[in-house]
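Bear in mind these aren't lab numbers, they're just calculated from the coordinates by the rules spelled out. Just so it is clear, the structure is predicted and the values come from calculations on it, not from any experiment. Neighbour counts run over all protein chains shown; Cβ positions are idealised from the backbone, glycine included.
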2 protein chains.
Amino acid sequence: MPNSLISKEDHQFMKMACDLAIENHNRGGEPFGAVIVKNGQVIAAACNSVTLDNDPTAHAEINAIRCACRMTQNNKLDGCVVYSSCEPCPMCLSALYLAGVSRIYYANTSADAGNINFGGNFIYNEIKKPHLERSIPCIHMQDTDTIKSFNK
Amino acid sequence: MPNSLISKEDHQFMKMACDLAIENHNRGGEPFGAVIVKNGQVIAAACNSVTLDNDPTAHAEINAIRCACRMTQNNKLDGCVVYSSCEPCPMCLSALYLAGVSRIYYANTSADAGNINFGGNFIYNEIKKPHLERSIPCIHMQDTDTIKSFNK
């Protein structure tokens, strides 16, 4: 992405996300922050709180999505732009798809995060493998009648 | 996975997850349920609550992980086995990796869910694409100093 396509405002919002990451790191949290913007206004800003909240799903982007959805009373974030201090892991990327955001900007890469032992890249690689070759076996139980739950 | 490798207890726990899915569907929620088991005991059981809670991250597996972690006061679920009424979407699969569960069983498939317009398979396909070919652009801003947040 040529830098000419990234605006001054994009840099300002990214700086907010990055400052959140640095502040969280300085107080002993994980070094990740995210900001969600709608119509040029910040509607949510959050840090990673995995250890603080004993919640492995509490990545910065997930926390920001949940905050933005509480704010807007909607489970979709149409038209929203997300600024994350780090490339979203597959959990967060998928959540951003489920929320239907318009665009994602990130600063540090998954490889950078891998260098300090955060495992987004490992999971991206696992997801691409056949189920039974993954390090966590994912086993299909075929003889249930759960499909009934999908009937209208 | 040959059915001989799936125990009677596995079927009982899966039936609980499936019953949760069906009950949630019957009261107007999304048809997904999940159960987390540790040492043969159920430590969390949850339904999808996306529309109820206005939270796009509130899939059954995510809700169950968060419940189990609150219960155990730990952000890891080592030794836990997860029974989901449907194949986890990439958000939930990644969250189960982050939580470090031991094994995942599922009943309905992502293809079954796709047939009733739930988009796990779509996101699995998007994740495999180069960033700028995805339907949600994912843009690297290279000229930030966020890498500082990763310094020890």
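Of B:72, A:146, how do they rank once you tally other Cβ atoms within 10 Å and put the fewest first?
Working: B:72 17, A:146 24.
Ascending Cβ contact count within 10 Å gives the list B:72, A:146.
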From the label point of residue B:137, set 7 Å from Cα along Cα→Cβ, how far away are the matching label points in the other copies, in nm, ordered shortest to longest?
4.5
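Ranked by Cβ crowding within 10 angstrom, fewest neighbours first, how are A:30, A:126, B:61 ordered? Please report the intermediate quantities before stating the final value.
Numbers: A:30 22, A:126 18, B:61 33.
With the sparsest Cβ surroundings first, the list reads A:126, A:30, B:61.
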Would you order B:16, A:141, A:71 from fewest to most other beta-carbon atoms within 10 Å of each residue's own beta-carbon?
A:71, B:16, A:141
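So for chain A, averaging the separation of alpha carbon pairs under 8 Å that are six or more residues apart and normalising by length, what relative contact order in percent results? Before the final figure, lay out each step's value.
Details: 235 pairs, mean separation 24.3, N = 152.
Across chain A, relative contact order equals 16 percent.
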Under 5 Å between amide H atoms, partner at least 5 residues away or on a different chain: which partners does residue A:44 have, H built in plane at 1.01 Å?
A:36
Taking only Cα atoms, what is the 0 to 90° angle, nearest 10, from helix A:90-99's long axis to the longest principal axis of chain A?
80
Cα centroid separation, the stretch A:93-124 to the stretch B:1-65 (Å)
26
Rounded tilt (10° steps) of A:8-26 against the dominant C-alpha axis of chain A
70
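In peptide B:50-62, how many Cβ atoms from other protein chains are near each Cβ within 10 Å, on average? All intermediate terms of the calculation are to be shown ahead of the outcome.
On the way: counts 4, 1, 1, 4, 9, 9, 17, 16, 4, 4, 0, 1, 6.
What the average comes to for B:50-62 is 6.
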Which residue, A:11, A:80, A:31, has the largest displacement toward the positive end of the dipole of chain A when charges sit on each Cβ (Lys, Arg +1; Asp, Glu -1)?
A:80
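If you average the sequence gap of Cα pairs under 8 Å that are 6 or more apart and divide by the length of the stretch B:67-140, what percent do you get for the contact order?
Numbers: 79 pairs, mean separation 19.7, N = 74.
Relative contact order for the stretch B:67-140 comes out at 27 percent.
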Rounded to the nearest 5, what is the percent of antiparallel bridges among the DSSP beta bridges in chain A?
70
Per-residue mean of C-beta atoms belonging to partner chains within 10 Å, peptide A:30-39
1
